[in-house]
1. Ranked from highest to lowest mean number of other Cβ atoms within 10 Å per residue, what is the order of the peptides 98-107, 177-186, 116-125?
2. Sort 22, 229, 147 so that the residue with the fewest other Cβ atoms within 10 Å of its own Cβ comes first and the one with the most comes last.
3. Quick check: residue separation of residue 106 and residue 273 times 0.36 nm, minus the Cα distance between them. What number comes out in nm?
4. Using R₀ = 41 Å, calculate the FRET efficiency as 1/(1 + (r/R₀)^6) where r is the Cβ-Cβ separation of residue 129 and residue 59; round to 0.05.
5. Can you pull the one-decimal nm distance between simple spin-label points at residue 22 and residue 67, each 7 Å off the Cα toward Cβ?
6. Would you please put 73-79, 36-42 in order of how densely packed they are, using the mean number of other Cβ atoms within 10 angstrom per residue and starting with the highest?
7. Compute the distance from the alpha-carbon center of segment 161-179 to that of segment 67-137, in whole Å.
8. Subtracting the Cα-Cα distance from 0.36 nm times the residue separation, let me have the gained length for residue 242 to residue 96 in nm, one decimal.
Ligand code: SAM
């Protein structure tokens, strides 16, 4: 590999462009997002996903594994920069910076290109607002082997630094689609997927639909839940039992309960040992 470009100033344009990825504007203009950590970069590499830019600390470059990763990234076309931990701290906006930070291309999967394994399992989120919830849900969807996360309507940015951090790497593994409700409805009907809406207004318990069918678990917005017309379109509208004083579950927790229950009823098929 040719020697990485050594950058010593935080005013360098590449450093500035990486820092800009903390802002929606910077991400929209470049089409990139930040993912931090050597472990994440190496998991992405295992899936054949390479960054456009990879920033590495001088110390990390001494480690054979990082050296190998950086060299493979450069071969795949990444622009590699070597810099100080202080500058990596500024890029990641952390006191305790990661030694490797990548800028990756944002990628949405068109609905029609989502995997078609049977029985399918998808999660659709209407108007999700909190990037931590979205990232946690993406990670959980990956953990149950779901086939995609579908963003319906106006949502927070799945490529924000906070959302990506919460995915813990699942951002690279989980197909992500975004669409409007009408297109989503036509798509799931065309694939004969059962729409299981999770709602506090549900009259049936959360396992009151057949898990052997392909299922889309449909979750509502943190403040207002699912709009009435979307609830009306569901094949099943279910409620997770609760007691105590809380009036609802956190969105990511509720999604985890829903997804794990479908997978449990499918005998945890494909679970690793
Ligand atoms: N005030 C909102 C409402 O009335 O729906 C609460 C929204 S809750 C924080 C966010 C989403 O999590 C809900 O739209 C629903 O999809 C899911 N959720 C939370 N608790 C649930 C429960 N006990 N049963 C079913 N879904 C639940």
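1. Numbers: 98-107: 21.5, 177-186: 15.9, 116-125: 19.7.
Final packing ranking: 98-107, 116-125, 177-186.
2. By the 10 Å Cβ count, ascending: 229, 22, 147.
3. On the way: separation 167, 0.36 × 167 = 60.12 nm, distance 3.22 nm.
Once the chain is fully extended between residue 106 and residue 273, it gains 56.9 nm.
4. Details: r = 39 Å, r/R0 = 0.94.
Here the calculated transfer efficiency is 0.60.
5. Taking the two extended label points, one gets 3.3 nm.
6. Details: 73-79: 15.7, 36-42: 20.0.
Highest to lowest by the protection proxy: 36-42, 73-79.
7. Segment 161-179 and segment 67-137 have Cα centres separated by 7 Å.
8. Numbers: separation 146, 0.36 × 146 = 52.56 nm, distance 3.93 nm.
Extra length available between residue 242 and residue 96 comes to 48.6 nm.
Laboratory data are not the source of any read-out in this text; all were calculated from the coordinates shown. Here the structure is a predicted model, which means the values were calculated and not measured. With ideal geometry, Cβ positions are generated from the backbone for all residues, glycine too; neighbour counts draw on all protein chains shown.
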